[in-house]
1. Give me the accessible area per residue for the chain, probe 1.4 Å, as a whole number in Å².
2. Distance between the C-alpha centers of region 82-131 and region 158-232? Whole Å please.
3. Which entries of LYS14/LYS60; LYS104/LYS126; LYS60/LYS286; LYS254/LYS286 show an alpha-carbon separation above 24 angstrom in the structure shown?
4. Would you indicate which of (i) 35, 21, 18; (ii) 42, 21, 15; (iii) 29, 23, 18 is the value of semi-axes √(5λ) of the Cα gyration tensor in Å derived from the coordinates of this structure?
5. Share of Cα-Cα pairs in region 77-179 beyond 19 Å, in percent?
6. Quick check: net charge around SER24, other residues with Cβ under 13 Å of its Cβ, Lys/Arg +1 and Asp/Glu -1?
7. VAL153 accessible area, nearest 10 Å², 1.4 Å probe?
8. By accessible area of protein heavy atoms, probe 1.4 Å, what ranking do MET279, MET83, MET292 get, highest first?
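The values are calculated or read from the model by the stated rules, or taken from the named source; none is laboratory data. Since we're looking at a predicted model, the values are computed, not measured. Heads up, the Cβs are rebuilt from the backbone with ideal geometry, glycines too, and the neighbour counts pull from every protein chain shown. Surface accessibility is based on the protein's heavy atoms, side chains included, excluding ligands, DNA and RNA. Shrake-Rupley method; radii C 1.70, N 1.55, O 1.52, S 1.80 Å.
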Amino acid sequence: MTTVDRLSVLKTYKLFVGGAFPRSESGRVYEVTDAQGAWLANAPLSSRKDARDAVVAARKAFPRWSGATAYNRGQVLYRIAEMLEGRREQFAAEVAAAQGLPAKKAAAQVDAAIDRWVWYAGWSDKVAQVAGAANPVAGPYFNLSTPEPTGVVAVLAPTDSAFLGLVSVIAPAITTGNTVVVVASEQAPLPALSLGEVLATSDLPGGVVNVLSGRAAELGPPLAAHQDVNAIDLTGSTGELAVELERAAADNLKRVLRPQPGDKSKGAHWTADPGTGRMLALLETKTVWHPMGS
């Protein structure tokens, strides 16, 4: 019997919006290459309409996600880590290709990303104790400050760390009850698009995380100017683009997270202890006065 060579079944990468996998509204794609310039895949080239659709999905998901108990959010984040562990080899291969890393170093990046999901899962029901307070007042009142999520957060993902950096900006935002529209690294979007597949089959409600691939210069301005986006993380922007987006965000009083200093060429800073900074930066404080009983 003659053995017939099979044709490769190439993967079709799609956006992840509202828990579904649409193609770009524009029908456009662009070539994604590895660190040596070899073709890897075609990724959707998102349009402004895709960005607006993602914001609508994030806003729709916000009441349910922000209203969930912190303990439940922690369980969902831990489930994501479990599922990533099962697809560890796939993500290691994608990270190796995207960043030109040896297999061992790529696997270490994926392991660190999975561990980070677990770390944030543990913080979900503890961050209120760090951010909240019972305030002393001169009067017969209780005065309590409690943290609440900011709302819909637009995130320009890091360009220097295709997976660990990506997880490091998404996880703290959703841990505290926010919903997210993330623009994946233009040069290395495949790990982010694959993460959407994991999120879709986890317990995360559709719309909590929405993943777009394409050009930050095209998608950033409509997200920064969007009246229904409450905060924007500019980690993946630099130079004039970052200045332009910060100006646009100021026009509608968005909270802005500026790019953090670090080794932008190798992404070494993403392996450091993340601390609570990103979680606390995406929280609002509600203060309640309550009279003491007689």
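1. Heavy-atom SASA per residue in the chain reads 48 Å².
2. 15
3. Flagged as over cut-off: LYS104/LYS126.
4. (i)
5. 54
6. Spelling it out: positives minus negatives among the neighbours equals +3.
7. The accessible area comes out at roughly 0 Å².
8. MET292, MET83, MET279
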